[in-house]
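The values are calculated or read from the model by the stated rules, or taken from the named source; none is laboratory data. Predicted, not measured: the structure shown is a model, and the values here were computed from it. Using ideal geometry, Cβ is built from the backbone for each residue, glycine included, and neighbour counts are taken over all protein chains shown. Areas reflect the complete protein model, heavy atoms only, side chains present, ligands, DNA and RNA absent. Shrake-Rupley method; radii C 1.70, N 1.55, O 1.52, S 1.80 Å.
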Amino acid sequence: LDRATDAARVRQRIQQAVDAGANMLRVWGGGIYETDEFYDICDEMGVLVWQDFLFACAMYPEQEPFRSEVEAEARYNVARLAHHPSLTIWNGCNENIWAYRDWGWKDQLDDGAGGKRTWGLNFYLDLLPRICNELTPAVPYWAASPWSGDPDADNGIHPNADTHGNMHVWKPWFHEDYESYREFRARFCSEFGFQAPATYASIASVVPE
């Protein structure tokens, strides 16, 4: 991480994205809040930043003391980044509402006493948008990537619907050839995946020159 966040290396990578035709970078919820230099360089180059809060692919308790830690971290980073013109949208989490709906999370929330454990929805629909509205009211907030815009996580519009909000497309990576991307008509695809080649070192270790 210390090498990946080196300012010169960050500038090189952002320049490569610009040269490839990209105009927005997403800071993913499974990573880190980037360094000040990252946002400064995006400001300078005119690159938009989609900024996730750091919640990804997991259930998070909403009780104390964790709740206070979440609020303190969110307030610190929203205030730190508020002045950057590159900051385009706040995003509450990566795939957590979708995961609750489709990945079997509901079956894991029984607390053994007839109740249900929390999993983070209050953060995405209440706490985080309130902080953003207080500290950066001009920057839009979106609850999740992907998300349909429907707050009913149990019975509302599917979180990964191609007709509402933003969508993640992973089916080609898991089940199909890359040509199946032609089947998707997402309104906005904020994440997709396809298996990349192995690293050169891995290939060189098993393939003779």
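Side notes on the structure shown:
- If you go through the range 34-78 and pick out every residue that is part of a helix (DSSP H, G or I), open to solvent by 40 Å² or more (accessible area, probe 1.4 Å), under 22 Å from residue 130 (Cα atoms) and not hydrophobic (A, V, I, L, M, F, W, C), you end up with 7.
- Screening residue 84 with (1) modelled with pLDDT of 95 or more; (2) open to solvent by 40 Å² or more (accessible area, probe 1.4 Å); (3) within 20 Å of the chain's Cα centre (by Cα) gives one miss only, at (2).
- Residue tally, condition assigned to a loop (DSSP other than H, G, I, E, B), touching a residue at least 12 places away in the same chain (Cβ under 8 Å) and open to solvent by 50 Å² or more (accessible area, probe 1.4 Å), over the range 141-164: 6
- Applying the condition of being modelled with pLDDT of 95 or more and in a loop (DSSP other than H, G, I, E, B) to the range 1-29 and asking which residue is least open to solvent (accessible area, probe 1.4 Å) yields 29.
- Matching entry among 194, 123 (being at pLDDT below 95 and within 21 Å of residue 27 (Cα to Cα)): 194
- Qualifying residue in the range 187-195 (condition: polar (S, T, N, Q) and under 20 Å from the mean Cα position of the chain (by Cα)): yes
- Verdict on residue 89 being touching a Pro at 6+ places or on another chain (Cβ under 7 Å), touching a residue at least 12 places away in the same chain (Cβ under 8 Å) and not in a helix (DSSP H, G or I): yes
- Residues of the range 118-137 include at least one that is in a loop (DSSP other than H, G, I, E, B) and among the aromatic types (Phe, Trp, Tyr).
- Of the criteria (1) touching a Lys or Arg at 6+ places or on another chain (Cβ under 8 Å); (2) modelled with pLDDT of 95 or more, which one residue 47 fails: (1)
- Residue identified as open to solvent by less than 60 Å² (accessible area, probe 1.4 Å) and over 16 Å from residue 136 (Cβ atoms) among 89, 97: 97
- Evaluation of residue 167 against the conditions (1) surrounded by 13 or more Cβ atoms within 10 Å (Cβ to Cβ); (2) in a loop (DSSP other than H, G, I, E, B); (3) hydrophobic (A, V, I, L, M, F, W, C) shows that the sole unmet condition is (2).
- Cβ separations smaller than 8 Å between residues 6+ apart or across chains give the following pairs from the range 174-195 residues that are within 15 Å of residue 162 (Cα to Cα) and open to solvent by 80 Å² or more (accessible area, probe 1.4 Å) to residues that are of a type in the set (Asp, Glu) and at pLDDT 85 or above: 185/162; 187/162.
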